[in-house]
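This report concerns only the one structure given below.
None of the figures in this text is laboratory data; all of them are computed from the coordinates on show. Please read all numbers here as calculations on a predicted model, not as lab measurements. Cβ placement follows ideal geometry from the backbone for every residue including glycine, while neighbour counts extend to all protein chains displayed.
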Amino acid sequence: MPTVIALTRFGPPEVLRPFPIETPRPGPGQALVRIHAAGVNPVDCKLRRGDFADTIPAHFPQRLGNEFAGTVIALGPDVPAGGAVAVGTHVVGSATAQAYAEVLVVDAAGLVVKPPPLPWEMAGGLPAAGQTAHTALSQLGVKPGDVLLIHAAAGGVGTIAVQLARELGARVIGTASEHNHDYLRDLGALPTTYGPGLLDRVRALAPDGVDVALDLVGGDTIATSLALIHDRRRIGTTVDQRAVAEHGVRRVGGRSLPALREVVGKAATGQLILPVRTFPLSQAVAAHRIVENGHVRGKVVLTV
């Protein structure tokens, strides 16, 4: 029987454990995918802790995981014959709290073919970061000549956002831990440390001002962005709903199949890089500890 990783109560990483399941059958328009890699994201840790328990009721055992790469092993009725997705196709896709698994049923129409040059590990960590970064930059209207501040630029979303923004012709300032500064320089960003004094450090790097900000942290970083940028429609956050409600900044990100196709294509040709640190599916607990502690460069990915 295939295995999934799930939890039966909220708590620390140790609540995660394997569960056997019956192999699911794909329904109309669906595909059964054998998973090779699944990304681990901060939102997974929040779900595991119960941070959203008041708004998203858990149905234990609660599964996790929103992105994956794998091989199609069966198709349900109504999947077009001769289409891009067939049995044996290597694919990349998104899920909703269920990708920590050996097999997974998803809508076939939401799958993107994985090009052969794209490594499985990178492919498994690309959908969430890639789609979020791409859609956020589009929503914020990043354009040539903009000065863009990215809070937490060395993580998965930040890594992709830096590269896409540079392609758009923007100048990028990225916050990160000191040990990630050379990494950000290699991506084309001007690095600075976060924490007290950030506003002054950013102003020193951008004496003519900052045009747009992408917040991937929340909290105090919002205040810095508000002090730098007058137009709140050009301040976006992926995590801080309170700032959206209180300050009128934008909630950005989201899924987009065209965006996923684009970032997968760029990654396959080497136009985008995404460092990954891998753990076997059976070591999901260790993977969660790393992600929860922060300071991850790129993505943490579970391999199957």
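Got the relative contact order for the chain handy, in percent, Cα pairs under 8 Å and 6 or more residues apart?
20
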**Prompt:** In a GNM of the chain with a 10 Å cut-off on Cα contacts, which of P18, P117, P191 has the highest mean-square fluctuation?
**Reply:** P117
**Prompt:** Lysine pairs in the chain 8 or more apart or on different chains: how many have alpha carbons under 24 angstrom apart?
**Reply:** 5
**Item:** Long-range amide H partners of V142 with built H, under 5 Å
**Value:** none
**Fill in**
Matching label for the computed Rg and Dmax of the Cα atoms in Å, out of (i) 19.4, 60; (ii) 25.2, 91; (iii) 21.4, 73, is (i)
**Request:** Report the one residue of G70, V162, V87 whose Cα lies farthest in the direction of the positive end of the charge dipole of the chain (charges on C-beta: Lys and Arg +1, Asp and Glu -1; origin at the Cα centre).
**Result:** V87
**Request:** Obtain the nm distance between the two label points defined at E22 and A227 by a simple spin-label model: each point lies 7 Å from its Cα along the Cα-to-C-beta direction.
**Result:** 5.9
**Request:** Indicate, rounded to the nearest 5 percent, the antiparallel portion of the DSSP beta bridges found entirely in the chain.
**Result:** 60
**Request:** Report, in debye and to the nearest 20, how large the dipole of the chain comes out about its Cα centre when Lys and Arg carry +1 and Asp and Glu carry -1 on their Cβ.
**Result:** 140
**Fill in**
Between Q30 and residues 5 or more places away or on another chain, the pairs with built amide H atoms under 5 Å apart involve G76, A108
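Report the rotationally averaged projected area of region 141-251 based on its alpha-carbon convex hull, in square nanometres. Numbers along the way, then the final one.
On the way: hull surface 24.1 nm².
Convex hull of Cα atoms, orientation-averaged projection: 6.0 nm².
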**Item:** From phi via Karplus (6.51, -1.76, 1.60), per-residue ³J(HN,Hα) for region 184-197 in Hz, x at Gly/Pro
**Value:** 5, 4, 4, 6, x, 9, 8, x, 8, 7, 8, x, x, x
